[in-house]
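Contents: one structure, followed by commentary.
The values are calculated or read from the model by the stated rules, or taken from the named source; none is laboratory data. Because the structure is a prediction, the values reported are computed rather than measured. Glycine also receives a Cβ, built like all others from the backbone with ideal geometry; neighbour counts cover every protein chain displayed.
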Amino acid sequence: MSTRAELLGSRVLVKEDYGDLVQRGFGEKKDEGLVLSLYEAAYLLERGKIKVFKDGEELDFHAFLREAEKLDPNFLVKYTVFRDIRNRGYVIKTGFKFGTHFRVYPRGKKPGEAHTQYVVQVITEEDIIEPNDLSRMVRVATGIRTKLLLAFVDSENDVVYYKVERISL
């Protein structure tokens, strides 16, 4: 049985029957219900755990991706990383407040139970990383006592992770 959710701009709202989703580390509880990020909603929709509606019309996975790509043309690349990390058993959330694409919690933990283990920046083969940008990302990660992962997504949607950290000599 799938839980009903509503696409509302850049978020997805689940109004009822979301206890299992919260237990598994999805969403953020608000007064109006459980608010899912677009990445969380895509992941759950792809697995048949939720049904997403927009203006009363049900969206299949591909229609949902098209809606998400209207808001972020790089959504699919970032979702590829989100799905890969989630499939490895980690709870992953958006990393906006840390200036990165995602933040990742230790396996078996969720926000409120543990500190962020990694912040993740998604990069494609075509992207150029300026040294100042890389330095800023490492400084931010160090400042919040976490590790920076660069998630490189190639043209075949394979993901390779590089941990970047400051060393002292």
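Among the aliphatic types (A, V, I, L, M) and in contact with a helix residue (DSSP H, G or I) (Cβ under 7 Å, 6 or more places away or on another chain): does that describe Val120?
Numbers: among the aliphatic types (A, V, I, L, M): yes; in contact with a helix residue (DSSP H, G or I) (Cβ under 7 Å, 6 or more places away or on another chain): yes.
Criteria met by Val120.
Of everything in the range 135-169, what is out of contact with any helix residue (DSSP H, G or I) (no Cβ under 7 Å at 6 or more places or on another chain), modelled with pLDDT under 95, among the aliphatic types (A, V, I, L, M) and closer than 16 Å to Gly95 by Cα? Give them in sequence order. Passing the criteria: Met137, Val138, Ala141.
For Glu165, are the conditions met, namely being more than 22 Å from Asn74 (Cα to Cα) and either touching a Ser or Thr at 6+ places or on another chain (Cβ under 7 Å) or free of Cβ contacts under 8 Å to residues at least 40 places away in the same chain (or both)? Considered against the rule, which asks whether it is more than 22 Å from Asn74 (Cα to Cα) and either touching a Ser or Thr at 6+ places or on another chain (Cβ under 7 Å) or free of Cβ contacts under 8 Å to residues at least 40 places away in the same chain (or both), Glu165 comes out as yes. For beta carbons closer than 7 Å, sequence separation of 6+ or different chains, a first residue in the range 57-75 that is surrounded by 11 or more Cβ atoms within 10 Å (Cβ to Cβ) and a second that is of a type in the set (Val, Ile, Thr), the qualifying pairs are Leu59/Val52; Phe64/Val52. Inspect all residues belonging to the range 18-32 and state whether any of them is surrounded by 21 or more Cβ atoms within 10 Å (Cβ to Cβ) and within 21 Å of Tyr161 (Cα to Cα). Taking every residue of the range 18-32 in turn, none turns out to be surrounded by 21 or more Cβ atoms within 10 Å (Cβ to Cβ) and within 21 Å of Tyr161 (Cα to Cα).
Please work out which one of (1) within 21 Å of Val14 (Cα to Cα); (2) in contact with a Leu (Cβ under 7 Å, 6 or more places away or on another chain) is the condition Ile92 fails and give its number. In the conditions (1) within 21 Å of Val14 (Cα to Cα); (2) in contact with a Leu (Cβ under 7 Å, 6 or more places away or on another chain), Ile92 misses (2) alone. If I filter the range 79-93 down to residues being touching a helix residue (DSSP H, G or I) at 6+ places or on another chain (Cβ under 7 Å) and under 18 Å from Thr124 (Cα atoms), which single residue comes out as surrounded by the most Cβ atoms within 10 Å (Cβ to Cβ)? Taking the candidates together, the pick is Phe82.
Taking the condition in a strand (DSSP E or B), touching a residue at least 24 places away in the same chain (Cβ under 8 Å) and outside the structural domain of Leu36 (by TED's automatic domain parsing), does Leu134 pass? Taking the combined requirement at face value, the residue does not satisfy it.
Of the residues contained in the range 159-166, one or more are found to be of a type outside the set (Asp, Glu), surrounded by 10 or more Cβ atoms within 10 Å (Cβ to Cβ), over 21 Å from the mean Cα position of the chain (by Cα) and in a loop (DSSP other than H, G, I, E, B). Taken over the range 137-158, the residue count meeting the criterion of being under 23 Å from Phe75 (Cβ atoms), of a type in the set (D, E, K, R) and in contact (Cβ under 8 Å) with a residue 24 or more places away in the chain is 1.
How about the range 86-100: which of its residues are within 28 Å of Asn132 (Cα to Cα) and in contact (Cβ under 8 Å) with a residue 40 or more places away in the chain? Across the range 86-100, the qualifying residues are Ile92, Lys93, Thr94, Phe98, Gly99, Thr100.
A count restricted to the range 2-30 and to residues that are over 18 Å from Pro111 (Cα atoms) and acidic (Asp, Glu) stands at 3.
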